[in-house]
Amino acid sequence: MKSLSEFVLGLIFLGLGLGYLYRPDIISRINSFFRETVFNDAYFNLERKKWGVFFLLLSLLFLYVSWGG
(Lines give C-alpha, C1' and ligand atoms only; values in the text may rest on other atoms or scores of the structure.)
Protein backbone atom coordinates (compact mmCIF):
# COMPACT_ATOMS: atom_id res chain seq x y z
CA MET A 1 0.00 0.00 0.00
CA LYS A 2 2.83 2.36 0.78
CA SER A 3 4.44 1.86 -2.61
CA LEU A 4 1.10 2.53 -4.33
CA SER A 5 0.66 5.82 -2.49
CA GLU A 6 4.24 6.82 -3.34
CA PHE A 7 3.60 5.97 -6.99
CA VAL A 8 0.41 8.04 -7.07
CA LEU A 9 2.16 10.99 -5.41
CA GLY A 10 4.96 10.67 -7.95
CA LEU A 11 2.44 10.83 -10.80
CA ILE A 12 0.76 13.88 -9.26
CA PHE A 13 4.09 15.68 -8.90
CA LEU A 14 5.08 14.69 -12.43
CA GLY A 15 1.83 16.21 -13.71
CA LEU A 16 2.40 19.38 -11.72
CA GLY A 17 5.96 19.70 -12.96
CA LEU A 18 4.93 19.24 -16.59
CA GLY A 19 2.03 21.62 -16.06
CA TYR A 20 4.32 24.33 -14.73
CA LEU A 21 6.66 23.88 -17.69
CA TYR A 22 4.20 23.54 -20.56
CA ARG A 23 0.79 24.86 -19.44
CA PRO A 24 1.19 27.40 -16.62
CA ASP A 25 -2.25 28.87 -17.39
CA ILE A 26 -3.94 25.65 -16.25
CA ILE A 27 -1.91 25.58 -13.03
CA SER A 28 -2.82 29.23 -12.43
CA ARG A 29 -6.54 28.47 -12.87
CA ILE A 30 -6.31 25.48 -10.51
CA ASN A 31 -4.51 27.64 -7.96
CA SER A 32 -7.13 30.41 -8.13
CA PHE A 33 -9.96 27.84 -7.85
CA PHE A 34 -8.52 26.33 -4.68
CA ARG A 35 -7.75 29.77 -3.24
CA GLU A 36 -11.34 30.92 -3.74
CA THR A 37 -13.13 27.74 -2.64
CA VAL A 38 -11.04 25.59 -0.32
CA PHE A 39 -8.74 28.14 1.30
CA ASN A 40 -11.29 30.94 1.60
CA ASP A 41 -10.91 32.59 5.02
CA ALA A 42 -14.55 33.64 5.20
CA TYR A 43 -15.71 30.07 4.60
CA PHE A 44 -13.19 28.73 7.09
CA ASN A 45 -14.33 31.11 9.83
CA LEU A 46 -18.01 30.30 9.28
CA GLU A 47 -17.61 26.53 9.16
CA ARG A 48 -14.78 25.96 11.63
CA LYS A 49 -16.93 24.47 14.41
CA LYS A 50 -18.58 22.00 12.04
CA TRP A 51 -15.22 20.91 10.64
CA GLY A 52 -13.73 20.69 14.13
CA VAL A 53 -16.48 18.37 15.34
CA PHE A 54 -16.24 16.33 12.14
CA PHE A 55 -12.50 15.77 12.54
CA LEU A 56 -12.85 14.95 16.24
CA LEU A 57 -15.49 12.33 15.47
CA LEU A 58 -13.40 10.97 12.63
CA SER A 59 -10.37 10.68 14.92
CA LEU A 60 -12.44 8.88 17.55
CA LEU A 61 -13.66 6.45 14.91
CA PHE A 62 -10.13 5.69 13.71
CA LEU A 63 -8.82 5.39 17.26
CA TYR A 64 -11.63 2.99 18.14
CA VAL A 65 -11.03 0.87 15.04
CA SER A 66 -7.28 0.76 15.62
CA TRP A 67 -7.69 -0.13 19.30
CA GLY A 68 -9.88 -3.13 18.50
CA GLY A 69 -7.98 -4.43 15.55
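The values are calculated or read from the model by the stated rules, or taken from the named source; none is laboratory data. Only a predicted model underlies this, so the values are computations on that prediction, with no experimental measurement involved. For neighbour counting, all protein chains shown are included, and Cβ atoms are generated from backbone atoms with ideal geometry for every residue, glycine included. Just so you know, the surface numbers come from the protein's heavy atoms only, side chains and all, with ligands and any DNA or RNA stripped out. Shrake-Rupley method; radii C 1.70, N 1.55, O 1.52, S 1.80 Å.
Brief remarks on what is shown
- Computed helical MRE - 222 nm, the chain, DSSP H runs ≥ 4 contributing -39500 (n - 2.57), nearest 500: -31500 deg cm²/dmol
- Mean accessible surface per residue for the chain, computed with a 1.4 Å probe while every protein chain stays in place, in Å²: 98 Å²
- Estimated distance in nm for a label pair at Y20 and W51, the labels positioned 7 Å out from Cα along Cα-to-Cβ: 2.5 nm
- (1) 1.62; (2) 2.32; (3) 2.17, with the label sought being that of the calculated Cα Rg over 2.2 N^0.38 Å: (1)
- Share of carbon and sulfur in the accessible heavy-atom surface of the chain [1.4 Å probe, %]: 72 percent
- Of the residues E6, E47, E36, ranked by 1.4 Å probe accessible area with the largest first, the sequence reads E36, E6, E47.
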